[in-house]
Amino acid sequence: MLRFKLPARLLLAGFAALALISPSAWAQQKSVAVTAIVEHPALDAIRDGVREVLTEAGYEDGKNLRWQYQSAQGNTSIAAQIARKFIGDKPDVIVAISTPSAQTVVAGTKTIPVVFSAVTDPVAAKLTSSWEATGTNVTGLSDVVELGPQIDLILRIVPDAKRVGMVYNPAEANSVAVVKSLQELLAQRGMTLVTAAAPRSVDVGSAARSLAGKVDVIYTNTDNNVVSAYEALAKVGQDAKIPLIASDATIVARGAVAGLGVDYKELGRQTGRIVLRILNGEKPGDIKPQISDKIQLYVNPAAAQRQGVTLSQELLDAADEIVNQ
């Protein structure tokens, strides 16, 4: 076997050159793959928040980061295809935004770190067995909001409300969990929940119309079918004079009277901070699932007028943002 020995001066020159390389260049390129069930403002804000945190930490796509993003366009079959593709790519972290996307990814890998986001109830969705650290390859962020304050908001806007309507996708675990909890809480206040199923986003308008004359107000959670077709719901609210109240503040600009919910950009940044911890060596199974630490209230006086209600000055004063659209 032939062996070659480099002259000492060449070795020293090589070490000197390496010393000039910035610390970030020493790190091997990382790979983050992001998938969402559909594109709408809340989920897009999460994606952008994740990328923002990574950029601030020095990760630049094409240099020390390979960034991938794909939306399933509301189709669970496409979500499964995206999951298989990303798992085959073996990235350092997969970020799964929304319950359907998270479920398809988690079902497909027990080794690649998965960080879910915008999953209202990860236990009900069977992503985790509890709210404690999982000891598995899964952790993430929930966009759960307490339902008590949501009912309080409904009654501040429609004080005599007795029948609350809700359009939802019965195949989305988050929405099913919300329906069950909301039924129980409304019953404690002498109120009832009237539901209408929208298995696809194209069903949202007809489902909402089926509630006309049966409810005093329509409440919407973060159901992805409903959020992606919210304009159809808003039209029914306007035509039938049924006020719409949401658990997503970003929906207010699209026709809700009011929205009390998480700041999705900040939720994305929280998600990004977990991704960063994993890229830096922490195991996802050692990180407890988290909830959003910022709730905001948006109100829309123009939508309120179209839907036949008037917002009190007290509510307007309490709002984090007033939208007139």
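Laid out as a table, the results:
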{"quantity": "Per-pair calculated FRET efficiency, R0 = 25 Å: residue 286 and residue 131 via Cβ, rounded to 0.05", "calculated": "0.95"}
{"quantity": "Helix runs (DSSP H) in the chain reaching 30 Å along axis by Cα, Kyte-Doolittle at least 1.0", "calculated": "none"}
{"quantity": "Dipole of the chain, positive direction: furthest Cα of 323, 140, 218, with charges on the beta-carbon", "calculated": "140"}
{"quantity": "Convex hull volume of the chain per residue (C-alpha atoms, cubic angstrom)", "calculated": "148"}
{"quantity": "Whichever lysines have a C-alpha closer than 28 Å to that of residue 241, once near sequence neighbours (fewer than 8 apart) are set aside", "calculated": "162, 180, 214"}
{"quantity": "Stokes-Einstein diffusion coefficient of the range 61-190, Kirkwood radius over Cα pairs, 25 °C, 0.890 mPa s, in µm²/s", "calculated": "148"}
{"quantity": "Computed lengthening from residue 160 to residue 48, 0.36 nm per intervening residue step minus Cα-Cα distance", "calculated": "36.3 nm"}
{"quantity": "Length-normalised contact order for the range 203-325 - Cα pairs under 8 Å, 6+ apart - percent", "calculated": "24"}
{"quantity": "Mean shadow area of the range 256-311 over all directions, Cα convex hull, nm²", "calculated": "4.7"}
{"quantity": "FRET E, pair residue 29, residue 294, Förster distance 30 Å, beta-carbon r, rounded to 0.05", "calculated": "0.40"}
{"quantity": "Over 17 Å [Cα-Cα, the range 224-267], rounded percent", "calculated": "28"}
{"quantity": "Mean accessible surface per residue for the chain, computed with a 1.4 Å probe while every protein chain stays in place, in Å²", "calculated": "46"}
{"quantity": "Overall Cα dimensions of the range 155-298, principal axis frame, Å, largest first", "calculated": "56, 33, 28"}
{"quantity": "Share of carbon and sulfur in the accessible heavy-atom surface of the chain [1.4 Å probe, %]", "calculated": "53"}
{"quantity": "For the range 222-325, the spread of Cα positions along each principal axis, largest first, Å", "calculated": "54, 30, 18"}
{"quantity": "Kirkwood hydrodynamic radius of the range 137-186, from inverse mean 1/r over distinct Cα pairs, in Å", "calculated": "12.6"}
{"quantity": "Rounded D (µm²/s) - the range 42-126, Kirkwood Rh over Cα pairs, Stokes-Einstein at 37 °C, 0.692 mPa s", "calculated": "244"}
{"quantity": "Rg(Cα) / (2.2 N^0.38 Å) computed for the range 91-161, rounded to two decimals", "calculated": "1.42"}
{"quantity": "Label zone at residue 324 (point 7 Å along Cα-to-Cβ), backbone N below 12 Å, the range 238-267", "calculated": "none"}
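The values are calculated or read from the model by the stated rules, or taken from the named source; none is laboratory data. Please read these numbers as outputs of a predicted model, since none were measured by experiment. Quick reminder, even Gly has a Cβ in these numbers, built from the backbone with ideal geometry, and neighbours come from all protein chains shown. When the accessible area is computed, the model is the full protein with side chains, heavy atoms only, and any ligands, DNA or RNA have been set aside. Shrake-Rupley method; radii C 1.70, N 1.55, O 1.52, S 1.80 Å.
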